[in-house]
Amino acid sequence: MQFKAYQHIERLGRPEVEGILSGNVYIFDKLDGSNVSIYLNDAGEIEVASRNRIVSPADDLRGVLAYVNANPAFKNFFAEHPNLRLFGEWLIPHVVRNYENDAWRKIYIFDVCDGDKYLRYEQYEQLLRLYGIDFIPVIAKLFNPTEELVSRYVDHCTFLISEGLGEGIVVKNYDFVNKFGHTVWAKVKIPKVAPLQKSPPTLPVDGVETQIIDSFLTPELIEKEFSKIIIDNGGEWNIKLFGKLLGCIWHAFISEETFAFIQKFHNPKIDFKLLNRLAVNKVKLVKAELF
């Protein structure tokens, strides 16, 4: 098999997941680590990849390759199921830090694919239990739930959490195909409130650009990109990384949110130079402790 990137999970309520709550719906904890996939490559060897690339001994995402190679459960699994692909979360420190001490540096599977088809939870749960591979258990199974009901389950995202709550939930419907012809999952994240600062940068108060930044450049998106850079830099922050941080946040924001804000504001005329300046100010507001 060749490397295959995992799908982007859309926020519940976005057009990409319109209709996902019709039918049988599964609710799972959303872990806050690093996305990995495990599969057999064309040479019949176990290959491990992050969300965007194949990892190697020289750059193995803080030990994930060594973990897989040292765990015979994966070798046994692929000896019997060479055509399946595992997607999971490699639990290393990211934004959420309140996981149990013995939960770290392990992989927790959240999806299993046979080709382009996702196995249902009931199918892969039994399979992974058989081989002793850790996975994220289902919180609830619902039929035709409302968005309000589903959102309440963020109060139940306590898998591996020592105290408090985790990052949020993932919503799956294995029979769902969106209006664009794709199978997509949804997510509901617990809102993170940015700390108040004595002298926050001032943002303009008028214009669609300000409304876009206020609505779509969320503290969660900023923190997520910040954490990725911290991981890539060995767990340390350096002010020299600020330009990279701004670039990564801007790229993620434009890639993930443009369609949504164009729809919400009905194809507005946007000054992207101003939008970028407002984005920089928002980052400085949310991450004021870096300066």
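The values are calculated or read from the model by the stated rules, or taken from the named source; none is laboratory data. From a predicted model like this one, the values you see are computed outputs, not experimental measurements. Every residue, glycine as well, gets a Cβ built from its backbone with ideal geometry; the counts of neighbours run over all protein chains shown. For the accessible areas, the whole protein counts, side chains as well, though only heavy atoms, and no ligand, DNA or RNA atoms are used. Shrake-Rupley method; radii C 1.70, N 1.55, O 1.52, S 1.80 Å.
Considering each residue of the stretch 265-291, count those that are part of a helix (DSSP H, G or I), open to solvent by 60 Å² or more (accessible area, probe 1.4 Å) and either modelled with pLDDT under 90 or of a type in the set (Val, Ile, Thr) (or both), and give that number. Residues in the stretch 265-291 being part of a helix (DSSP H, G or I), open to solvent by 60 Å² or more (accessible area, probe 1.4 Å) and either modelled with pLDDT under 90 or of a type in the set (Val, Ile, Thr) (or both): 2 in total. Criterion applied to Phe159, Phe216 was being under 20 Å from the mean Cα position of the chain (by Cα) and modelled with pLDDT under 95, and the one residue passing it is Phe216. Could you pull out every one of the strands (runs of 3 or more DSSP E) wholly within the stretch 76-153 that has 2 or more residues that are open to solvent by less than 40 Å² (accessible area, probe 1.4 Å) and aromatic (Phe, Trp, Tyr)? The strands (runs of 3 or more DSSP E) meeting that bar are 84-90, 107-114. For residues in the stretch 19-69 being among the small types (Gly, Ala, Ser) and within 25 Å of Glu167 (Cβ to Cβ), which is surrounded by the most Cβ atoms within 10 Å (Cβ to Cβ)? Going through the qualifying residues, I end up with Gly33.
What residue, among those in the stretch 162-177 that are over 22 Å from Val112 (Cβ atoms) and over 18 Å from the mean Cα position of the chain (by Cα), is surrounded by the fewest Cβ atoms within 10 Å (Cβ to Cβ)?
That would be Glu163.
Apart from one condition, Leu165 fits all of (1) at pLDDT below 90; (2) over 20 Å from Ile20 (Cβ atoms); the exception is (1). Whether any residue in the stretch 5-18 is open to solvent by less than 50 Å² (accessible area, probe 1.4 Å), within 16 Å of Lys228 (Cβ to Cβ) and not in a strand (DSSP E or B) is what I want to check. Yes. Considering only residues in the stretch 114-139 that are under 28 Å from Gly181 (Cβ atoms) and in contact (Cβ under 8 Å) with a residue 60 or more places away in the chain, the one that is nearest to the chain's Cα centre (by Cα) turns out to be Ile136.
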